[in-house]
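Right, one structure below, let's go through it.
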Amino acid sequence: MRGWVRDSSAGGVKVPATVQARVAKRIEAFAAAHYAGKYTRLDIRFRGTFCYIDAYTEPDPPGDYVPFNETRDEYMERLRNLPLHLCRLRYFGDEESWGFAFYTYSQEKYELCYLDNGTFYGSPEEAFRTAAVYLCG
């Protein structure tokens, strides 16, 4: 007998605009409360079934290093505008249970991953906390 199994790496439903607004506020509030000073701004965007979370950070000054064909100020501004990809959430119709994919810089893509709660599903706040390892390094 065949049965339906929810797959955290496939499917999902389009995120409604009302959910997008609530989830973006939740993520921003959680990040501000727990990771203030670790980032300068967040970019939370939605496309279809997905919610993408990126952070921007203040780069370390280059010291004596002067990049080729770029002033020190241009170099710093370029790095300030370079997103730090954190994670991608997949919506299944439940605001408290999203699929989670961590951005792996070694593979340069999103990879299905366990959240800190030990499952592939969790709240947007749990996803941010799991992915915030990039902000604490």
Complete set of residues in segment 7-49 that are closer than 21 Å to residue 133 by Cα, touching a strand residue (DSSP E or B) at 6+ places or on another chain (Cβ under 8 Å) and part of a helix (DSSP H, G or I): 23, 24, 27, 28, 31
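Filter segment 117-137 for residues that are in contact with a Leu (Cβ under 6 Å, 6 or more places away or on another chain) and either in a helix (DSSP H, G or I) or more than 20 Å from residue 11 (Cβ to Cβ) (or both) and give the result.
Passing the criteria: 126, 127, 130, 131, 134.
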All positions within segment 43-64 that are touching a residue at least 60 places away in the same chain (Cβ under 8 Å) and among the β-branched types (Val, Ile, Thr): 53, 57
Test result for residue 89, under 14 Å from the mean Cα position of the chain (by Cα), assigned to a loop (DSSP other than H, G, I, E, B) and either surrounded by 11 or more Cβ atoms within 10 Å (Cβ to Cβ) or at pLDDT 95 or above (or both): no
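Within the group 65, 114, which residue is part of a loop (DSSP other than H, G, I, E, B) and within 16 Å of residue 133 (Cα to Cα)? Outline the logic, then answer.
Values: 65 fails: within 16 Å of residue 133 (Cα to Cα).
None of the other options fit; the residue is 114.
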Pairs with Cβ under 9 Å, 6+ apart, first in segment 8-37 and small (Gly, Ala, Ser), second open to solvent by 80 Å² or more (accessible area, probe 1.4 Å) and part of a loop (DSSP other than H, G, I, E, B): 31/38
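Condition first: free of Cβ contacts under 8 Å to residues at least 12 places away in the same chain and surrounded by fewer than 12 Cβ atoms within 10 Å (Cβ to Cβ). Now tell me which residues in segment 68-86 satisfy that. So that I can check it myself, show each step before the final result.
Kept after step one, since they are free of Cβ contacts under 8 Å to residues at least 12 places away in the same chain, are these residues of segment 68-86: 68-74, 77-78.
Residues satisfying the conditions are 68, 69, 71, 73, 74.
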Filter result for residue 101 (open to solvent by less than 70 Å² (accessible area, probe 1.4 Å) and in a helix (DSSP H, G or I)): no
Scope segment 124-135; condition open to solvent by 60 Å² or more (accessible area, probe 1.4 Å) and either in contact (Cβ under 8 Å) with a residue 40 or more places away in the chain or touching a helix residue (DSSP H, G or I) at 6+ places or on another chain (Cβ under 6 Å) (or both); matching residues: 129, 134
Residue in segment 16-40 that is farthest from residue 82 (Cα to Cα), counting only those that are open to solvent by 80 Å² or more (accessible area, probe 1.4 Å) and touching a Leu at 6+ places or on another chain (Cβ under 9 Å): 28
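Open to solvent by 100 Å² or more (accessible area, probe 1.4 Å), over 20 Å from residue 37 (Cα atoms) and modelled with pLDDT of 90 or more: which single residue out of 110, 114, 121, 65 fits that description?
Working: 110 fails: open to solvent by 100 Å² or more (accessible area, probe 1.4 Å); 121 fails: open to solvent by 100 Å² or more (accessible area, probe 1.4 Å); 65 fails: modelled with pLDDT of 90 or more.
From the options 110, 114, 121, 65, the qualifying one is 114.
The values are calculated or read from the model by the stated rules, or taken from the named source; none is laboratory data. All of these numbers come straight from a predicted model, not from anything done at the bench. Note that each Cβ is placed from the backbone with ideal geometry, even for glycine, and that neighbours are counted across all protein chains shown. We work out accessible area using only protein heavy atoms, side chains counted, and drop any ligands, DNA or RNA first. Shrake-Rupley method; radii C 1.70, N 1.55, O 1.52, S 1.80 Å.
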